[in-house]
Amino acid sequence: MRIRSSHGRWLLAVVAASALLASCTSESDVDMDELGQQLNEDGQTIVDEFDTNEPRGGHITSTSPGADASTDEECGDGGVQRRWTHEFSFAWPGDPTNDDHVNDSFNGALDFLSSVLNPLGYSAERSDMGQGAKPRTAVYVRTATDEEIELEFRVDFELAANQADDETITADFTLTGTTECVGADG
C-alpha cells in the first residue's frame, strides 16, 4: 500500500507506534496487587474444591499455606512477579502398594484439577499422566482478563513417603501459582 500524503504517512506512523506501545507491558501498566489477588482466589479455590468435592472419597489430611501473592518478587532482569504457594496431603481409600490403585487416584486427581481450573479460565499447558506411583505434574495457564498477563498454576504431587496404612493412599501436593515476569528488560 502506497501512502501519498504526508498526513497519511504521519497517521500510519501514529497507528504503528500505538500498536507497538500497546504490545509492550511495563510494570507500571499492570496492577500486581489485582493479579496477586486473582492467584490467591484461584489457588484457594483449588484447595477448597479438593477438600469438599473430590469425587473419589478422598480428603485433605494436612495443609501448609505458603506465599500469598501479596508481595512482588524479583524475576528476570529487573522485573517482578507474584507467587502463591500451598502444600497439602491428600488421602484416598486404596492400597498404596498397589500401582493400579495409586494410578487411578493420581490420574483421577489430574482430571479433577482440570474440572476445577477450566471453569476459572485455565487450560492445561502440560499434564503428565504417569503410570503407577510415579510423581505427576500439571501446568495450567490463563490470561488475566484486564491485564493480558499470564497466570500459571503448577501442581506437583507424589506418593507420600509415610503411608498411614495399607488401606489409604496418601499423596503430597505442592501448588504454585505465579504471574508472568513483568517489567523485565530483554
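Here is how the numbers come out for the structure above:
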quantity: Selection within the range 173-186 - surrounded by fewer than 18 Cβ atoms within 10 Å (Cβ to Cβ) and more than 17 Å from the chain's Cα centre (by Cα); calculated: Ala184, Asp185, Gly186
quantity: Residue selected from the range 44-58 under the condition part of a loop (DSSP other than H, G, I, E, B) and among the charged types (D, E, K, R), by the criterion modelled with the highest pLDDT; calculated: Glu54
quantity: Selection within the range 139-172 - within 15 Å of Asp42 (Cα to Cα) and surrounded by fewer than 20 Cβ atoms within 10 Å (Cβ to Cβ); calculated: Val139, Val141, Arg142, Thr143, Ala144, Thr145, Glu150, Glu152, Arg154
quantity: Count of the range 86-102 residues which are surrounded by 15 or more Cβ atoms within 10 Å (Cβ to Cβ) and either in a loop (DSSP other than H, G, I, E, B) or among the small types (Gly, Ala, Ser) (or both); calculated: 5
quantity: Selection from the range 52-85 of residues that are without any contact (Cβ under 8 Å) to a residue 12 or more places away in the chain, over 21 Å from Asp185 (Cβ atoms) and surrounded by 14 or more Cβ atoms within 10 Å (Cβ to Cβ); calculated: none
quantity: Options Thr25, Thr71; residue that is under 30 Å from Ser115 (Cα atoms) and either at pLDDT 95 or above or of a type in the set (Val, Ile, Thr) (or both); calculated: Thr71
quantity: Qualifying residues in the range 117-138 (those that are of a type outside the set (Gly, Ala, Ser) and crowded, with 17+ Cβ neighbours inside 10 Å) - the one nearest to His101 (Cα to Cα); calculated: Arg136
quantity: Output for the range 104-116, where each listed residue is surrounded by fewer than 20 Cβ atoms within 10 Å (Cβ to Cβ) and within 12 Å of Phe157 (Cα to Cα); calculated: Asn107, Leu110
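The values are calculated or read from the model by the stated rules, or taken from the named source; none is laboratory data. This one's a predicted model, so the numbers in the text were calculated from it and none came from an experiment. Virtual Cβ from ideal backbone geometry, glycine too; neighbours counted across all protein chains shown.
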